[in-house]
Amino acid sequence: MLDELKKKAREILKAGDAQGVLGLKRGLFDVIHPHVFTAAEELDSLVTEPKWPLAKTARAILRDRPGDFRLAVAARGCDERAVVELIKRNQIDRERILILGYTCGSEQAKACLCSRPWPEKRVAGDIVEGIDPLADDRVRPYLEGDDRARMERWAEQLRRCIKCYGCRNACPICICVPCKLEDDLWVERGAVPVEMVPFHLIRAFHLSDTCVACGACQEACPAGIPLMTLQLSMREALRKEYNYEAGLEPERTSPILSDFNREPRPGQALPDWIHTMDRKT
Amino acid sequence: MSTDFVRTICPYCGTGCGIILRVEDGRAAATYPDRENPVNRGTLCVKGWFAHEFVHHPDRLTAPLLRKGDSFEEISWDEAIGIAAERLRETAAKFGPDSIGGLASAKCTNEENYLFQKLIRAAFKTNNVDHCARLCHAATTVAMVDTMGSGAMTNSISDLAGAGCILFVGSNAAESHPVLMGEVYRAVDAGAKIIVIDPRETPVARNADRHLRIRPGTDIPLVAGMMRHIVDIGLHRTDFIAKRTENVDELTAFLHEWSVERSAKETGIEAAVIREVAETYARSENAAIVYCMGITQHICGTANIHALCDLAMLCGHVGKPFSGIYPLRGQNNVQGACDMGALPGVYPGYQSVADPAVREKFEKAWKTELPSAPGLTVTELIGAAGSSVRALYIMAENPAVSDPDVNHVMASLQRLDFLVVQDIFLTETARFAHLVLPGACFAEKTGTYTNTERRFQLLHRALEPPGGAKGDFDILCLLGRSFGLDFDYASPGDVMAECARLVPAYGGISFERLEKTGLQWPCPDSTHPGTRFLHEGRFTRGLGRFVVPRYVTPAETPDAEYPFYLNTGRVFSHYHTGTMTRRSPFLIREIEKAYAEINPDDAVALGVGEGGGIRITTRRGSIVTTARITKRVDKGSIFAPFHFTEARANALTNPVLDPASKTPEYKVCAAKLEKVPDEAG
Amino acid sequence: MSATKNVHDVRIIVFACRWCGLIGADGAGRERTALPASFRVIPVECAGFVEPDLIIRALADGVTGIAVLGCHLGGCRFSDGNHPALKRLELLRTLLDTTGIGGRRLLIGFGTAHESHQFAEMIREFHRELSELPSPGTWLAGTMKRQ
C-alpha cells in the first residue's frame, strides 16, 4: 500500500498538480513527524503510521501560502471527511487541495471506533469493514442505563478536564475565531476544573452536524475523556432522520441548516394550517 | 516559502512533553503535540499548545545592552563580552574569587548549564553557582540523598498508572503538571484510590477519594500519625525493613511521640481519617507518593521529605515498578540544571566538590585548578550582594519576582558592583543589570532538557534567534574563551559528550541515542537502555536510611495584627514569573489580571465582591490585587499566584529558610487583608 | 437526591417567539388560567433565534427546564425560521439525553396566537414532569467560582 501511495504522490509532484505533499516522514533515527514533501525523491521517506490527523494542518498551511500553491494530503478516511467539511464551510479551497487517500486496517478501525476506515478518493490500500461504535463495549456504558447512570458516567469523566483546549485545538472542524469557549460570557475563564457542561456541551453541539468522528479530540485529551462518544448519538440521529453523515457529500449542506422542504425527514408533516398546538415530544 | 515541522520539547514545566513546531518561513506558526513522545503521547496542556506565541514577541531582546544612567544603550557583542570579562575579572581581583556568583538557569539546556558551572568554577575559582532549584526542590535533593542516596524521582511518570493508591502531598498536578494527570486517571479507572493532602481544595482534591485539608505546615504530624497507625496494626513490611533499610529503631522511637490522636489535634484532621488513609496506602500492593512545592517550601521542607521517604520505606513502596516517590520537578530543566552541577556543593552528577578524588578528576578534565569549599546558595548570594558578593552573572532567572521578599532582593541587586543578566526579555531582574545579554529561547537551540522522570530529551533548533540575540551556548563559549578557557565546542553535542565522560550515570547519553524517545539516567554506557525505576534490589546509598523528621512549626503564623494565612503558588494558564506566558495572547486571555483567592466568608466580612480590589500586607510588603472569591481556600486563608509582576506575591513572602536546604518558606506566612476602595468612574 | 421537589425549586425559562408563542402565553395570563409561578418568559423574534447554547448555559446555571415556543411549521412569521429551530433543538435534545441531563428538560411547543389554553396546559404539564426529575446536582458541581 505504501508503495502505491508513494508512486501516486511522486506523480502528482512531478506533474505539478501540487507543489507539496503533506504526510508523515520517517526521518533519521527512525523518528516520525509531519512533513511537507516538495521533491519527488523525498517521498522515499513517506510513511503512513502512526495515525496522525492532518486535515487541520493542511488548512493552516494553505492559509499561509499564496493562492497558487496546491497541497496534496496523504489522508485516511477521517482526514478526507474532515477536508470535505472544511471545503463546505469555505475553509479550504477545493481547487487547492488534493486527497491521496489510503485505507486503515481493521486493527486501526477497532482502535478508532471507526465505521468507515477508508477514503472515497482512495489511491492505496484495500478496504476493510469498520465497526459499529454504538455497539462497542467502550461506548455502550456511556449511552445506556437511565439518566442518572449516564450522567454519573459523563460527570466522572468530564470533571477530569484540565482545560487544555486540546480537543478544540486538535479538532479539524474547530476553526472559529473567535471561539465561544474563550468567551467569558459562556464559559467561565481562568478556572480549572472547567465548567463541564458549558465547555463540553457547547463544543459538542457546535460540532453536532460536522463531526467526522476522526477521534482527534479524545486522542488529544490528556485526561483520556471519551469525547468522540459525546458526538455519536447526534451523528446517529442525523443518519437516521436525514440519511446524513458529515464528510461524505461535498455538495450537501448540513440538513439542520435548512428547512423541511429541502431536507425532509420521515414522519415530519408540513401542513399549511393546524387546529391545535403541537407539542413536539 | 517553506514549511518545517521541528520536533522539540515544551519549555514550560518538568513533565517535558514532546512538541512539534510548525515553522513557516522562519516563523513559529503553531505548536502540535508529538504523538510519538512517550511522555505525553499526543497530548499537551494549554501552555504547551501555545508555546510558540511568545517567541516572536516584539519585546524580545535583540542586542546587548549597557546601562547608561537610568536607561540602556545598545552595544556590540565584542564590547559586551569585553566589558563582562573585564568587570568580572576586576571584581575577582579586588575582592577575591568568592565575590563572584552565578545563577544558572533551570530553563536553559543541560549543555548550557554544564558550561555555566564550568565557567564559574574554572574561570573564577569559586563554587558560587546555584539556580532556582534552591527555591523549590532543594529539600528533595537533600532529603532523598539522606534517605536513599539519590534525589531524583524514583520511578517513571507512566508508572503512576499502575499504582493502587496515589498519595498527593502538596501537589496541584492538575494545574502545574496537567498532562501527567492522564496517568493518574488511568490508575483510577483501574481502581486506584487518590488521597490528597493540601490545605486548599485543588482540582486534584476535588476528584480525590479523600481530601485532607490540613492546617498549613503540619505535614510531619500527619505522616507521623499515619506511620504510627501502620506500625500499630502491623501493616509495615517487616521483611523489606529488615533486608533493605537501617535505623528503623530511631523512627519507631520517634513514632511513640505521635499518637494518631496527637496527630489529629495538630493537623485538624479526624483521627479516623488519618487511620483510613494510612491503611489505604499501606495495604495497596503498589502505592505512589506524588509531591511538589506544597511540602518542600517550608521551614522544615527537608524534614517533610524525610517523613515521606520514611513512609514509603516503612511500607516497602519503593524500589519496584509503580510504587515510589515522585517529586514533580517544576521547571522544564530544573532536573537537568541540578544534574549538570549548577549547585554550590557538587559538580555534574552530584559529585562532591569537597571530595579530593572527585576534584582531581575534574581538574584534570578541565585543565585547571578548582576551589574546594562549597559555595553559596541563591538565597545566600542575593543576601550577601553588596557585602561579600560583589558581582553576579544571572542566566535566565528572575529573582526579582521569584525570590521571597522581593523588595529586599531588589535592594540587594542594586548594591552589586556589577550585575550581568542574560535573558530573552528585559525582565524585572534585568532592569537592575549593568549589562544585559540577549539570549535564545527554546525554539532557537539544539540541546537537551531532563524532565522530572530523569529523561534526557533532545531539542531541535527550529528558528534563528531574533536580531543580534545569540544562543546561550554561543554566549557561554564566547565568555569562556575570553577567560582563556578551552570552550571550543563545535556544538552542544560535544558538551554532552564531555559531560558523559565525567559522570558515570550519564555515560551512555549522546544526542543520537536521544532522538527517538530520550533516555532516563542512570544510563552508564552506550548500550544501556536507560533506567525506568531506581533502587531495585539496593538503594543508591546501599541501605535505605530512616531519618527522623524534625518537626518545626512555620516561622510566621497568623496573629492579631496579621490574622490570615498566606499561601502562594501556581495556576494552570501561567508559568512562574510570567515572562513567557504573559506575552502569549491566548494565555493572557484566559487569565489576564492579577488576583488572589479569598474565602466567601472573608469576602463578606470585608465587603469585597468578585473582582473587587484588595490589599494584602505582610511584614515584608504590600500589594494591591483583585479578589477571586472561592471556597477553595479556607476562611482565614489567602492564596496568591506568584505569576503577576504588577502584584508580586513574593513582595509578601517570608525569606526565612529551611536550614538544611536553604529553601524559603513560601507556603506559610501571616498577612492582613483590606478592601481597596473602588476607583471612581 | 429527592425525586419530588418543592414547587418553588422548579425554575423554567420560556423563550417565546413574539408572534404566536408570546401572544399565546400572554393570552393565558390574561385569561387568568392557573399557571405555576416559577417561569419567566423571554420574547424572541422567532424560535429560530434561540441559540441552543443559551439552553446549555441555562441548564448549567441551575434552570430546571427550558421551553421554546414558536409558530406552527408552515405558519412561521418569517416563513421557515422555525424549521431549523426544530431541527436544532431536537438534536440538542439528543445530546441532553446522551449525557443524562435529560432531553425532557427541553419543551418545544409550536402553536398559534389563539391557543393560549393549550399553552397553559403545556406549561403545567411541563412543570409537573420537571418536579419529578431528580436534581442535576452532579453536573452543577462545576468550577470554584460557582460553588
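What follows draws every value from the coordinates through simple rules; no lab data is involved. Small disclaimer: the values here were computed from a predicted structure and weren't measured. For neighbour counting, all protein chains shown are included, and Cβ atoms are generated from backbone atoms with ideal geometry for every residue, glycine included.
The table that follows gives values for the structure above.
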{"read-out": "Nearby lysines by direct alpha-carbon distance to B:LYS125 (threshold 21 angstrom, same-chain neighbours under 8 apart not counted)", "value": "B:LYS94, B:LYS361, B:LYS364, B:LYS367"}
{"read-out": "The range B:534-558 and the range A:54-132: distance between their alpha carbon centers, rounded to Å", "value": "55 Å"}
{"read-out": "Anisotropy class of the range B:159-269 from Cα gyration tensor, a/c 1.5 cut", "value": "oblate"}
{"read-out": "Partner lysines for A:LYS180 [C-alpha distance under 16 Å; skip if fewer than 8 residues away on the same chain]", "value": "A:LYS163"}
{"read-out": "Calculated from backbone phi, Karplus (6.51, -1.76, 1.60) coupling profile of the range B:249-265 in Hz, x at Gly/Pro", "value": "4, 4, 5, 5, 4, 4, 5, 4, 6, 10, 5, 4, 5, 5, 4, 4, 5"}
{"read-out": "Nearest 10 degrees, 0 to 90: helix A:77-88 Cα axis against chain A principal axis", "value": "70 degrees"}
{"read-out": "Inter-centroid distance (Cα atoms) of the range B:262-341 relative to the range C:60-124, Å", "value": "54 Å"}
{"read-out": "Where trypsin sites (Lys or Arg not before Pro) fall in DSSP loop in the range B:601-681, at most 15 other Cβ within 10 Å", "value": "B:ARG619, B:LYS631, B:LYS635"}
{"read-out": "Cα gyration tensor category, rounded, prolate or oblate, for the range C:7-133 with a/c compared to 1.5", "value": "oblate"}
{"read-out": "Cut-off under 5 Å, modelled amide H: who pairs with B:PHE72 long-range", "value": "none"}
{"read-out": "Karplus 3J(HN,Hα) series, Hz, for the range C:50-62 with 6.51 cos²θ - 1.76 cosθ + 1.60 (x for Gly, Pro)", "value": "7, 5, x, 4, 4, 5, 4, 5, 5, 5, 5, 7, x"}
{"read-out": "Nearest 10 degrees, 0 to 90: helix A:227-242 Cα axis against chain A principal axis", "value": "70 degrees"}
{"read-out": "Built amide H within the under 5 Å cut-off of B:LYS193, gap 5+", "value": "B:CYS165, B:ILE166"}
{"read-out": "Which of B:THR645, B:THR267 has the fewest Cβ neighbours within 10 Å, and the rest in rising order", "value": "B:THR645, B:THR267"}
{"read-out": "FRET efficiency estimate (nearest 0.05) - Cβ-Cβ, B:LYS675 to A:GLU42, R0 60 angstrom", "value": "0.40"}
{"read-out": "Given 15 as the ceiling on other Cβ atoms within 10 Å, longest exposed-site-free region of chain B for GluC sites (Glu not before Pro) in DSSP loops", "value": "B:1-256"}
{"read-out": "From phi via Karplus (6.51, -1.76, 1.60), per-residue ³J(HN,Hα) for the range A:244-261 in Hz, x at Gly/Pro", "value": "10, 9, 4, x, 9, 10, x, 9, 10, 6, 3, x, 7, 8, 10, 7, 6, 6"}
{"read-out": "Of A:LYS7/A:LYS56; B:LYS593/B:LYS662; B:LYS265/B:LYS631; B:LYS47/B:LYS593; A:LYS6/B:LYS47; A:LYS88/B:LYS593, pairs whose Cα-Cα distance is over 28 Å", "value": "B:LYS593/B:LYS662; A:LYS6/B:LYS47; A:LYS88/B:LYS593"}
{"read-out": "P(r) histogram, all alpha-carbon pairs of chain A included - 10 Å bins from 0, percent", "value": "6, 25, 32, 24, 10, 3, 1, 0"}
{"read-out": "Ranked list, fewest to most other Cβ atoms within 10 Å of each Cβ, for B:SER510, B:SER491", "value": "B:SER491, B:SER510"}
{"read-out": "Residue of A:ARG150, A:ARG168, A:ARG81 that the Gaussian network model of chain A assigns the largest fluctuation, springs spanning Cα pairs under 10 Å", "value": "A:ARG150"}
{"read-out": "Amide H contacts under 5 Å for B:PHE487, placed H, 5+ residues apart", "value": "B:ARG481"}
{"read-out": "Sequence-separation-based contact order of the range A:2-131, relative, with Cα cut under 8 Å and 6+ spacing, percent", "value": "23 percent"}
{"read-out": "R0 of 22 Å, Cβ-Cβ distance B:HIS528-B:GLU360: FRET efficiency to nearest 0.05", "value": "0.25"}
{"read-out": "Calculated FRET value between B:MET1 and A:GLU11, using beta carbons and R₀ = 25 Å, to 0.05", "value": "0.65"}
{"read-out": "Over chain B, relative contact order from alpha-carbon pairs under 8 Å, at least 6 apart, %", "value": "20 percent"}
{"read-out": "Degrees separating the helix A:147-158 axis from the principal Cα axis of chain A, which is the longest one", "value": "40 degrees"}
{"read-out": "Within-11-Å neighbourhood charge of B:THR429 [Cβ basis; K, R +1; D, E -1]", "value": "-3"}
